[in-house]
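Each reported figure results from applying straightforward, stated rules to the coordinates on display, with no laboratory input. These numbers were taken from a predicted model, which means no experiment stands behind them. Quick reminder, even Gly has a Cβ in these numbers, built from the backbone with ideal geometry, and neighbours come from all protein chains shown.
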């Protein structure tokens, strides 16, 4: 049972564009490169679509009445609405999904994508996560 409302049309549109950008990057570069290379090219594709994004966004952690800025970093935040965690790994670790769920909770966002570029078919490397 989903207690949340459906995603907005805007979130859905951004999500489709994100998947498209990941496909373009992967079809051009293929697997086997460093995460930073994929991030740079992914951000370039987002900018070509006119989407606003920030990379390596610091997420402060609130604990015991204090705010710690040394906490987490979101790989790419698109239109201040959708979180993208990019990976270039042989195997997905369950902690990566836990990480993006935590980022969604800490930032009050609803939609995130966990994208692993180190796969033969990018469709097998994209996981859409809705909070």
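Are any of the residues in the range 43-63 over 28 Å from residue 5 (Cβ atoms), in contact with a helix residue (DSSP H, G or I) (Cβ under 7 Å, 6 or more places away or on another chain) and free of Cβ contacts under 8 Å to residues at least 40 places away in the same chain?
Checked the range 43-63: at least one residue is over 28 Å from residue 5 (Cβ atoms), in contact with a helix residue (DSSP H, G or I) (Cβ under 7 Å, 6 or more places away or on another chain) and free of Cβ contacts under 8 Å to residues at least 40 places away in the same chain.
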For the range 50-59, name all the residues that are within 20 Å of residue 13 (Cα to Cα) and exposed (fewer than 15 other Cβ atoms within 10 Å of the Cβ).
50, 52, 54
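Pick from 74, 67, 130, 37: which is surrounded by 19 or more Cβ atoms within 10 Å (Cβ to Cβ) and either within 26 Å of residue 5 (Cα to Cα) or over 11 Å from the mean Cα position of the chain (by Cα) (or both)?
On the way: 67 fails: surrounded by 19 or more Cβ atoms within 10 Å (Cβ to Cβ); 130 fails: surrounded by 19 or more Cβ atoms within 10 Å (Cβ to Cβ); 37 fails: surrounded by 19 or more Cβ atoms within 10 Å (Cβ to Cβ).
Unique residue meeting the criteria: 74.
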Would you pick out the residues in the range 1-19 that are part of a helix (DSSP H, G or I), loosely packed, with under 12 Cβ neighbours inside 10 Å and in contact (Cβ under 8 Å) with a residue 24 or more places away in the chain?
10
The range 67-131: strands (runs of 3 or more DSSP E) wholly inside it with 3 or more residues that are without any contact (Cβ under 8 Å) to a residue 60 or more places away in the chain, touching a helix residue (DSSP H, G or I) at 6+ places or on another chain (Cβ under 7 Å) and closer than 22 Å to residue 48 by Cβ are 82-87
